[in-house]
Amino acid sequence: MVTLKDVAQRAEVSIATVSHVLNGYNNVAQSTEEKVWKAVRETGYRPNLIARGLVTQRSHLIGLVTLERAVLTHPFFHDVIAGLVLGVRGSGYGLTMWLDDGSGGAGPERFTWREMQLEGLIVMGFADRSPVVQSVQEAKVPAVFVDMERLGEGITYVTSDNAGGAYQAVTHLVQLGHRRIAYIDGFVDSFLCVERLNGYLSALQEANIPYDTSLHQEGLFNKEGGFGAMARLLDLGQPPTAVFAASDLMAYGAMECAASRGLEIPKDISIVGFDDIAASQHVRPGLTTVRQFGTDMGQTAIGKLVSMLREPGYCPEPTVIGSQLVVRGTTAAPLVAKPLGG
């Protein structure tokens, strides 16, 4: 069994120094701290968080606070969680999860994470006006929000370049010759959807294409919602020749709806998603989509939170992680492409 003494010998420091680093004290030089964590990883030392908590009166626990529906149904969140798990390794903190069922509940008293004495929080998957979000902001606990724009004392966020990714997607369709481009939204009042809408609108404006409200439909971030939104678009007197969906799941629903109407993708209609979840390269045709780097987002969020826990009063700036357009088989020029100026 690896002990503190083994770690101290590997790092060439005292046992007391190792203890201070593992317990989050800020009286150790950064270079020494890095040596200790390197030794922890190399020796495979696993601190007993329960015993440590009894001594220090600290839980050494980070809590992931998220919406049950989001985590269980959307593959992108699985990538973020993988990043959280990777990021917490060797940090001296454990990771636990608190799932909200989305029922609304009876108020802040139901948030049992308060009673768990969590030292910091990662929050994702909630609507901007959720009572959970308000409770976290009032808790005075260091927190990092994922894909939610929240700032304050001890609060920062990590997000994808949602606007930039949407702009890339729509510009790709414009460059193919599409002029009637629809947008299938998720939840219209969420931060990331507002950003993706802004990217969509910027691309249209740059191409001198007027915004048509009938081409903007809500899809609720699931396959069923994408199917319904696509049905409404195809029922228009002048349906779109291309569709940008704010998530891959909604894009799958749009593809299924188009196929049910006898349309061939991309010959009759082009479709672009957002996320690049694993299935998007396996559907037929392969989905053109905007890739998010969920694992990087999770690791970055943990890094920010741990830095706040180790240095009380410090709050890092928000981070926007770039997105990338991945072109596959669901996009092509329309049957009759119009010139970009027309």
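The values are calculated or read from the model by the stated rules, or taken from the named source; none is laboratory data. Just so we're clear, the structure is a prediction, and the values are computed from it rather than from any experiment. Cβ placement follows ideal geometry from the backbone for every residue including glycine, while neighbour counts extend to all protein chains displayed. For accessibility, only protein heavy atoms count, side chains too; no ligands or nucleic acids. Shrake-Rupley method; radii C 1.70, N 1.55, O 1.52, S 1.80 Å.
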Probe 1.4 Å, all protein chains present, accessible-area order of 206, 264, largest first: 206, 264
Over 24 Å between alpha carbons, listed pairs 140/304; 35/304; 38/140: 38/140
Portion, in percent, of the accessible area of the chain that falls on carbon or sulfur, probe 1.4 Å: 53
Overall form of the stretch 267-342 per C-alpha gyration tensor (a/c, 1.5; a/b vs b/c): oblate
Column: log10 I(q)/I(0), Debye, Cα scatterers of the stretch 136-267, q = 0.12, 0.15, 0.19, 0.20 Å⁻¹: -0.50, -0.71, -1.02, -1.10
3J(HN,Hα) from dihedral phi, the stretch 271-282, Karplus parametrisation 6.51/-1.76/1.60, rounded to Hz, x for glycine, proline: 9, 10, x, 8, 1, 6, 5, 4, 5, 5, 8, 10
Lysines whose Cα lies under 23 Å from that of residue 223, excluding same-chain neighbours fewer than 8 positions away: 267
The stretch 226-342: relative contact order as a whole-number percent, Cα under 8 Å and 6+ apart: 26
Cα convex hull of the chain - mean projected area over all directions, nm²: 19.4
Rounded to 5, percent antiparallel among DSSP beta bridges of the stretch 204-342: 30
Debye, to nearest 20: dipole size of the chain, +1 on Lys, Arg Cβ, -1 on Asp, Glu Cβ: 660
In the stretch 203-274, the chymotrypsin sites (Phe, Trp or Tyr not before Pro) that fall in loop regions by DSSP, at most 15 other Cβ within 10 Å: 211
Accessible surface, per residue, of the chain when the full set of protein chains is kept, probe 1.4 Å, Å²: 46
Net +/- balance of residues flanking residue 290 in space, Cβ distance below 10 Å, scoring K and R +1, D and E -1: -2
Other-chain or far-sequence residues with amide H under 5 Å of residue 98's (modelled H): 64, 65, 66
GNM flexibility winner over the chain from 310, 69, 129 (Cα, springs under 10 Å): 129
The stretch 183-281 - percent relative contact order, Cα under 8 Å, separation 6 or more: 27
Normalised contact order of the chain, rounded percent, pairs of Cα under 8 Å and 6 or more residues apart: 18
